[in-house]
Amino acid sequence: MNLNEQAKIIVQQSTLLSSLEKTEWLQLLSAMNEEQVAELIEILKPGAAVEMLQNAPVIPAAPKPVPQVSKPVPETPKPVFKPQLVDIKEKEIGTSKPLYELEIPEHTTVVKAPEPVIPKEQTVVVPKAPVVPAPSDPTALQQRVESIVKEMQNKGMPAKPSMPATPAPVLKPQAKPVIAPKPKTQPEPLQLKTLEDFKKLSPAHLHGDTVVEDLQNIVLSISALSSRYKPFDLVAAIEESSLYKTYLEIGTALLNDSNPDRDSAYAKVVKDMDVKGQDFLTKDEFEAFADFRKKLEQFM
């Protein structure tokens with residue numbers, strides 16, 4: 001077995017090399033001479049690694065770089081304040097100046113506290129009440145007053161000024177409130193089937209407790225007869241009825257009445273109509289018909 005074959009076996013069995021290193025060494029064996037192959041065998045044979053570590057020369061460690069130290073900047077010396085020396089003998093023996101004045105520096109000044117200001121007593125002058133001298137003799141004073149009254153009576157002057165009499169307020173008789181009369185006619189049933197029926201509407205058709213319902217039935221009747229008559233003709237027929245004319249008469253009378261009490265004004269209008277024997281609308285019927293008149297505008 002030559003050196004190359006021996007070296008191949010040692011390289012393949014070596015535990016010091018990785019698989020990649022074994023492949024590289026096997027490729028390099030063909031280019032190595034005998035001395036290089038023998039040296040490789042000595043290195044890779046079992047036990048050679050321990051001998052190499054023991055016989056290996058000791059390589060001194062590289063010296064560590066010495067950091068460059070910048071020159072220290074000289075610091076400015078701080079001023080040292082020396083305490084003022086006081087002679088103990090002077091303290092014991094005493095000097096012309098007091099002790100507290102020697103220890104106080106010359107540049108300091110002693111600020112004296114301001115003296116408290118004591119307020120002076122204030123004198124309050126109380127005004128004296130005027131002294132009314134009492135009459136020496138009450139009887140004499142009474143006699144003098146009586147004599148003055150007699151003199152005034154002799155001269156025809158009243159002793160005391162008489163106050164003007166306040167006239168008694170004149171109470172106007174309050175007018176009795178006007179009571180609106182009730183309709184005398186009885187309610188009539190609504191039968192609106194032809195154009196002439198709308199012309200026959202009267203205030204009696206609204207008398208009763210179903211005023212709103214009766215007016216709503218008139219609106220429904222106009223819609224129901226719109227296929228036979230024009231809605232405009234039906235509204236014109238209502239305006240020819242005594243119901244519509246009574247509504248206009250009451251409204252005109254109310255416009256001409258300036259009484260601020262509108263309830264009293266309405267009662268007076270319907271009372272005058274009742275005296276004349278005319279049928280009328282109550283206040284509720286009149287207001288309901290005013291709302292009904294606005295609904296008729298949709299058919300115009």
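Mind pulling up the Rg/Rh value for the stretch 207-300? Radius of gyration and Kirkwood radius, both on Cα.
1.02
For residue 275 and residue 252, calculate 0.36 nm times their separation in residues minus their Cα-Cα distance, and state this gained length in nm to one decimal. Before the final figure, lay out the partial values.
Working: separation 23, 0.36 × 23 = 8.28 nm, distance 1.79 nm.
Taking 0.36 nm per residue and subtracting the Cα distance, the gain is 6.5 nm.
My understanding is that a pair violates if its Cα-Cα distance is over 25 Å; which of 184/268; 245/271; 193/276; 182/230; 268/295 do that in this structure? Working shown, then result.
Numbers: 184/268 17 Å; 245/271 17 Å; 193/276 32 Å; 182/230 36 Å; 268/295 29 Å.
The pairs that break the limit, which is 25 Å between Cα atoms, are 193/276; 182/230; 268/295.
Say each of residue 259 and residue 12 gets a label point 7 Å from the Cα, pointing the same way as Cα to Cβ; how far apart are those two points in nm?
Result for the modelled spin labels: 14.3 nm.
Heavy-atom accessible area per residue, the stretch 181-300, 1.4 Å probe: how many Å²? Don't jump to the answer; show the numbers that get you there.
Values: 7140 Å² over 120 residues.
For the stretch 181-300, the solvent-accessible area averages 60 Å² per residue.
Enumerate the whole-percent occupancy of each 5 Å bin, from 0 to the last occupied one, for all C-alpha pair distances of the stretch 200-239.
For the stretch 200-239, the binned pair fractions read 5, 22, 28, 23, 14, 6, 1 percent.
The values are calculated or read from the model by the stated rules, or taken from the named source; none is laboratory data. All of these numbers come straight from a predicted model, not from anything done at the bench. Glycine also receives a Cβ, built like all others from the backbone with ideal geometry; neighbour counts cover every protein chain displayed. Areas reflect the complete protein model, heavy atoms only, side chains present, ligands, DNA and RNA absent. Shrake-Rupley method; radii C 1.70, N 1.55, O 1.52, S 1.80 Å.
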